[in-house]
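Presented below is the structure to which this report refers.
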Amino acid sequence: MPGASESHPDIHWPSGFSPDQAQSFCTARAVVNAPPARAFELLSDVARWPEWVPGVTEVRVGPLVRNFEVWLHGHRFEIFVGEHVPPYRLGWSGVGAGVQLYQAWLITAVESGTHVVTESVLRGPAAKSLQVSSPSWAQRLSSRWLVQLKRLAESAP
């Protein structure tokens, strides 16, 4: 598991969710050959996540745009958007299946397109159990999500 020292300094962590307080922490980074607005648009369109986010089979958007439900590998999570700064930052907390999480996205324009950083903190009994049985599960999931984001953003007309 990456350590807190590997966290990007510009990620905004809510109280209780810093990497040094996690049972699982992961970070993934990529350069996407598309503008920041395209990456942000894909991440913000949660209703389409089942089409491309690994493991997401269903999303139900609530009456408020900033909360929704996600089914990830058969488990329901309630998600609450805590940071929404188009097209540069997204962050959401989630609760479900013995896990509390916070996932942050930092989207920065660079000469070759967009530098995308995602970092996740997970806590709770299920996160602790998964970290013991499969130490790299969260890292693999974040990396796959970023690969899909890159593929979609770069293939857009």
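All of the numbers you see were taken from the coordinates with simple rules; none came from a lab. If you're wondering where the values come from, they're calculated on a predicted model, not measured in any experiment. So basically every Cβ, Gly included, is an ideal-geometry build from the backbone, and we count neighbours across all protein chains shown.
The convex hull of the Cα atoms of the chain, projected and averaged over all directions, covers 8.7 nm². Computed on the chain, with alpha-carbon pairs under 8 angstrom and 6+ residues apart, the relative contact order is 30 percent. Treating r as the C-beta distance of ALA156 and HIS84 and R0 as 25 Å, the FRET efficiency rounds to 0.75. Compared with the direct C-alpha span, the chain from SER136 to ASP10 gains 43.0 nm at full extension, assuming 0.36 nm per residue. Computed about the Cα centre, the dipole magnitude for the chain is approximately 280 debye when only Lys and Arg (+1) and Asp and Glu (-1) carry charge, each at its Cβ.
Subtracting the Cα-Cα distance of VAL65 and VAL31 from their residue separation scaled by 0.36 nm leaves 9.4 nm. In the frame of its principal axes, the stretch 30-112 has Cα extents of 41, 23, 23 Å, reported largest first.
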